[in-house]
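What follows is one structure encoded as structure tokens, with my remarks underneath.
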Amino acid sequence: MAIAAAVLAILWFEMLTVGTGSLDDGLLHFLYAGGHPLELALARAFTFLGEAPVLVVIGFVAAGLLWATGRARVGIAVILVTLVGRGLVEVQKYSIMRFRPDDEAHLVMVSTPSFPSGHASNSMIVYLTLALVFASRRWKWPSVAAALLLSLCIGMSRVMLGVHWPTDVIGGWTFGLLWVLLALPAAERLAHAGKIR
């Protein structure tokens, strides 16, 4: 786990330091969905699944389900992991203050700084946390794969819509993975110790 965390932290830092260059710009132009109605519709659909209100509602519904099945404190842990993670993303955004790409028209409204992508990081945190908490042992890896794929599509949609550099999205994914890797096991250890039911 320590090696994986170190690799993710290094990758996050690399995305921070190499971003907004010619490679970022080239990938953005290649993936941009402007003028492609089907790609634009898909990008907007996936980006909706990473919107803050959607993720917050999903998190609280999941916590409610856990509460209803006698796992109330696990539900609280899920809320804490997802909300604290979201707060840390905002801290990064306003500490780093990376500018958004502006070579292409933004195809959705945006108002915050660019790095890391909130849609990429928060979708990774929420969907991966829920996959790990809800899936039975038999379905754990398919659920994790589905959560990762969904977050990858959500993050990619932000580049397609012209509102994020590719490195913003990769930085978001890596932070989301790192946060779940560090925060969720701590919550699970508390649960197994009998402090969270």
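No value in this document is a laboratory result; all are computed from the given coordinates. Bear in mind the structure is a predicted one, so any value in this text is a computation, not a measurement. Neighbour counts run over all protein chains shown; Cβ positions are idealised from the backbone, glycine included.
What shape does the stretch 1-95 take by its C-alpha gyration tensor, where a ≥ b ≥ c are the square roots of the eigenvalues and a/c under 1.5 counts as rounded, a/b above b/c as prolate, and the rest as oblate?
oblate
On the principal axes of its Cα set, how long, how wide and how thick is the stretch 2-192? Give whole Å, largest value first.
Reported extents, whole Å, longest axis first: 51, 35, 29.
Which listed residue (186, 11, 55) has the Cα farthest towards the positive end of the charge dipole for the chain, taking +1 on Lys and Arg C-beta and -1 on Asp and Glu C-beta about the Cα centre?
186
Can you tell me how much longer the chain between residue 69 and residue 141 gets when fully stretched, taken as 0.36 nm per residue apart minus their C-alpha distance, in nm with one decimal?
Full extension from residue 69 to residue 141 adds 23.7 nm.
Calculated from DSSP H runs of 4 or more alone, at -39500 (n - 2.57) each and per residue, what is the 222 nm mean residue ellipticity of the chain, nearest 500?
Theoretical 222 nm ellipticity from helices: -25000 deg cm²/dmol.
Only helices at least 18 Å long along their own axis, judged from Cα atoms, and with Kyte-Doolittle mean hydropathy of 0.5 or greater: name those in the chain from DSSP H.
2-18, 52-68, 72-96, 118-134, 140-160, 166-192
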